[in-house]
1. Please give the helices (runs of 4 or more DSSP H) falling wholly within the stretch 138-229 in which 3 or more residues are charged (D, E, K, R).
2. Tell me yes or no: at least one residue of the stretch 215-224 is under 19 Å from the mean Cα position of the chain (by Cα), within 27 Å of Asp154 (Cα to Cα) and open to solvent by less than 60 Å² (accessible area, probe 1.4 Å).
3. Tell me the residue from Thr130, Thr160 that is crowded, with 16+ Cβ neighbours inside 10 Å, more than 23 Å from Thr74 (Cα to Cα) and in contact (Cβ under 8 Å) with a residue 60 or more places away in the chain, please.
4. Limited to the stretch 7-27, what total is found for residues that are surrounded by fewer than 17 Cβ atoms within 10 Å (Cβ to Cβ) and either in a loop (DSSP other than H, G, I, E, B) or modelled with pLDDT of 95 or more (or both)?
5. When residues of the stretch 169-206 are filtered for being out of contact with any strand residue (DSSP E or B) (no Cβ under 6 Å at 6 or more places or on another chain), open to solvent by 70 Å² or more (accessible area, probe 1.4 Å) and over 28 Å from Phe62 (Cβ atoms), how many remain?
6. State which residue pairs qualify: first residue within 15 Å of His183 (Cβ to Cβ) and inside the stretch 193-204, second residue basic (Lys, Arg) and open to solvent by less than 40 Å² (accessible area, probe 1.4 Å) in any location, beta carbons under 9 Å apart, and separation of 6 or more residues or different chains.
7. More than 21 Å from Asp4 (Cα to Cα) and in a helix (DSSP H, G or I): which single residue out of Leu64, Leu68, Leu83 fits that description?
8. From (1) farther than 18 Å from Ile207 by Cα; (2) open to solvent by less than 40 Å² (accessible area, probe 1.4 Å); (3) at pLDDT 95 or above, pick out the condition that doesn't hold for Leu153.
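The values are calculated or read from the model by the stated rules, or taken from the named source; none is laboratory data. Since we're looking at a predicted model, the values are computed, not measured. Note that each Cβ is placed from the backbone with ideal geometry, even for glycine, and that neighbours are counted across all protein chains shown. Please note that ligands, DNA and RNA were not included when accessible areas were found on the heavy atoms of the full protein model with its side chains. Shrake-Rupley method; radii C 1.70, N 1.55, O 1.52, S 1.80 Å.
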Amino acid sequence: MRLDKYLTAVTDLSRAESKKILKFNRVTVDGARVTDPRTHVEESAEVAIDGEVLRAATARYFMLHKPLGYVSATKDREHLTVLELFDEDNLDQLHIAGRLDIDTTGLLLLTDDGQWSHRVTSPNRDCQKTYLLETADPITDEAVAKIEQGIHLDNEKRPTKPAQMEVVDVQTARLTISEGKYHQVKRMLAAVGNKVEMLHRERIGHIVLDEDLMPGEYRALTPEEVASL
């Protein structure tokens with residue numbers, strides 16, 4: 001990573017401010033003074049400003065138990081955003097890997113690793129997501145068959161990919177899909193004449209929402225969880 005980019009990632013400095021402190025000879029890398037913003041910095045490097053060592057430039061990965069009423073966005077003029085639930089430095093560096101609607105709860109992943117995020121959200125990756133849902137009307141066998149085979153949604157050229165649907169009780173089911181179309185689960189149920197009343201994401205890939213996390217709480221992913229996607 002370029003040194004000026006490193007400084008903006010691990011501090012509250014802008015890129016221009018980072019270049020300025022470099023110019024004034026205030027930055028060291030592994031004990032050596034450095035002024036060139038293009039200098040490459042390894043993850044293991046010890047970078048300091050005025051002798052104060054900065055944290056390592058390692059990517060961050062979090063799971064959040066998203067509560068109702070929060071939008072999956074970094075900024076919003078009308079609603080609270082999920083970033084307001086975090087007590088972390090450099091929140092503007094985090095982005096959401098797979099959004100949830102304001103009225104949907106459950107597992108949300110946030111990171112500052114763009115390549116990892118792409119692996120989660122890319123339609124070519126077939127990353128499975130499992131949702132627990134409740135419906136307004138009973139779930140019929142015919143509806144399950146249509147959803148599992150793939151179903152045409154309004155304004156979509158192709159049907160949805162085959163899904164897995166486990167009926168838990170008359171109006172509750174667990175649905176696993178490998179896509180992320182706009183409002184997909186709600187639209188799939190609407191296409192078979194039903195309506196989603198509650199939607200909760202339990203799993204993304206091999207990462208399962210930690211049952212110890214209350215709504216609004218988060219934790220860092222384990223190295224094993226990060227590597228699973």
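1. 141-149
2. no
3. The conditions single out Thr130.
4. 6
5. Qualifying residue count for the region: 3.
6. Filtered contacts from the stretch 193-204: Arg201/Lys66; Arg201/Lys129.
7. None of the other options fit; the residue is Leu83.
8. The number of the failed condition is (3).
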